[in-house]
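The values are calculated or read from the model by the stated rules, or taken from the named source; none is laboratory data. Only a predicted model underlies this, so the values are computations on that prediction, with no experimental measurement involved. Positions of Cβ are backbone-derived with ideal geometry, glycine not excepted, and every protein chain shown enters the neighbour counts.
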Amino acid sequence: MDPESEEKPCCNLSKKVKIGLGILCVLVVVAIVVVVVVVVLKLGQAHTHKEWNGTGTTPHFSDIILGRCYTYTQIEQPELSQKDCQEIVKAFQNAFLSKDPCSSREKDYQPLLNLTSQTIPCGKVVFWSKAGELAHQYTRVQREMFTLEDTLLGYMADGLSWCGDAGSSDMNYQSCPHPRKDCRNNTVSVFWDTVSKRFAKSACGTVQVVLNGSYSNTFDKNSTFGRVEIYNLRPEKVPTLQAWVMRDLEGLPSHTCSSSLINDLKLILEERKIAFTCQDDYRPLRLLQCVRNPEHQSCRSVM
Ligand code: JS2
């Protein structure tokens with residue numbers, strides 16, 4: 001037996017086996033390369049969300065709504081302290097994550113609505129249209145009155161943006177669908193339609209609405225108030241809707257209670273067996289407007 005063959009056992013492997021091993025090595029290397037390429041591609045795909053024309057998800061969205069949920073349930077309305085904010089936030093995320101943000105549906109939000117039910121006292125509901133800021137200033141003073149943004153879910157989501165992507169479990173922080181430029185059934189618009197519908201359906205007693213008399217379409221049939229809320233009021237629970245038409249101190253007086261637009265609202269409500277009353281420049285709201293501009297001549301008479 002020659003000294004060579006003694007040291008290297010592999011040498012006496014048949015040619016065939018060597019070739020086989022060689023091919024196997026090549027196959028293993030190829031397999032590893034393929035796996036790496038797929039993973040890199042997958043990672044690459046994961047982060048490129050679809051580009052939309054609207055604002056992306058608000059940074060720290062989940063932390064913000066969690067914090068607002070605790071602030072509301074533990075400080076603002078402690079009678080709701082039993083609400084499970086962790087579960088509420090999970091239900092909110094599940095309503096839109098891994099879904100096409102242009103085919104959002106009311107039922108996507110149903111689990112979230114079930115976790116955030118809240119009873120608003122009769123006669124204490126305040127709707128608004130093109131006058132959100134003034135309506136919120138009013139309910140911040142009249143604490144027993146509620147706009148939708150003074151309820152748990154409205155408070156959590158007010159002023160925020162959020163959307164996901166069918167091809168990813170991440171939130172899209174770059175962009176979200178714009179209601180007009182991209183699609184109507186987008187994640188945020190469907191949310192506000194859904195919670196506005198519930199808010200109107202649960203209303204009882206006389207309800208109020210703050211309208212902006214300085215806007216060309218003071219009563220806009222395409223607005224959430226004109227398209228969703230007035231049609232979900234229950235006449236058997238809501239005998240009257242009281243409108244407050246407020247003209248901006250600086251703004252042009254375009255509409256008042258005697259305008260045809262307001263008469264359209266009156267006719268829709270009376271058609272639904274809900275009485276309609278209307279006041280121009282309702283004094284408590286005018287006083288709020290004057291707080292910011294006390295020297296304005298139309299504030300002299302109010303004070
Ligand atoms: C609040 C948002 C956001 O009666 C009010 C409220 O109950 C509200 O939910 O719906 C009514 C106001 O909506 P409307 O009549 O369309 O008034 P507007 O001034 O033309 O539009 C305001 C946007 C309403 C829905 N909405 N509401 N906070 O952050 C918010 N984002 C959207 N899209």
A careful count of residues in region 151-183 that are of a type in the set (Lys, Arg) and within 10 Å of the ligand (Cβ to nearest atom) gives 0
Suppose the filter is surrounded by fewer than 20 Cβ atoms within 10 Å (Cβ to Cβ) and closer than 30 Å to Leu285 by Cα; does Gly167 pass it?
no
Within region 278-303, which residues are more than 18 Å from Gln142 (Cβ to Cβ), touching a strand residue (DSSP E or B) at 6+ places or on another chain (Cβ under 6 Å) and not charged (D, E, K, R)?
Cys278
With near the ligand (Cβ under 9 Å from one of its atoms) and not polar (S, T, N, Q) as the only criterion, which of Leu134, Leu148 stands out?
Leu148
Could you figure out which of (1) within 11 Å of the ligand (Cβ to nearest atom); (2) under 25 Å from Thr277 (Cα atoms) isn't true of Asn186?
(2)
Which numbered condition Val207 fails, given (1) at pLDDT below 95; (2) hydrophobic (A, V, I, L, M, F, W, C); (3) crowded, with 19+ Cβ neighbours inside 10 Å:
(1)
Mind checking whether some residue in region 187-195 is surrounded by fewer than 21 Cβ atoms within 10 Å (Cβ to Cβ) and either among the basic types (Lys, Arg) or part of a loop (DSSP other than H, G, I, E, B) (or both)?
no
What's the total number of residues in region 255-275 that are surrounded by 13 or more Cβ atoms within 10 Å (Cβ to Cβ) and either in contact with a Ser or Thr (Cβ under 6 Å, 6 or more places away or on another chain) or farther than 16 Å from Gly213 by Cβ (or both)?
7
Does region 197-241 hold any residues that are more than 14 Å from Thr147 (Cα to Cα), within 14 Å of the ligand (Cβ to nearest atom) and of a type in the set (S, T, N, Q), and which are they?
Asn212, Ser214, Ser216, Asn217, Thr218, Asn222, Ser223, Asn232
Quickly run through region 119-138 and pick out the residues that are polar (S, T, N, Q) and crowded, with 19+ Cβ neighbours inside 10 Å.
Ser129
Kindly list, by first and then second residue, each pair from a residue in region 61-73 that is more than 10 Å from Val89 (Cα to Cα) to a residue that is of a type in the set (Gly, Ala, Ser), limited to pairs with Cβ atoms under 7 Å and residues at least 6 apart or on different chains.
Thr73/Ser81
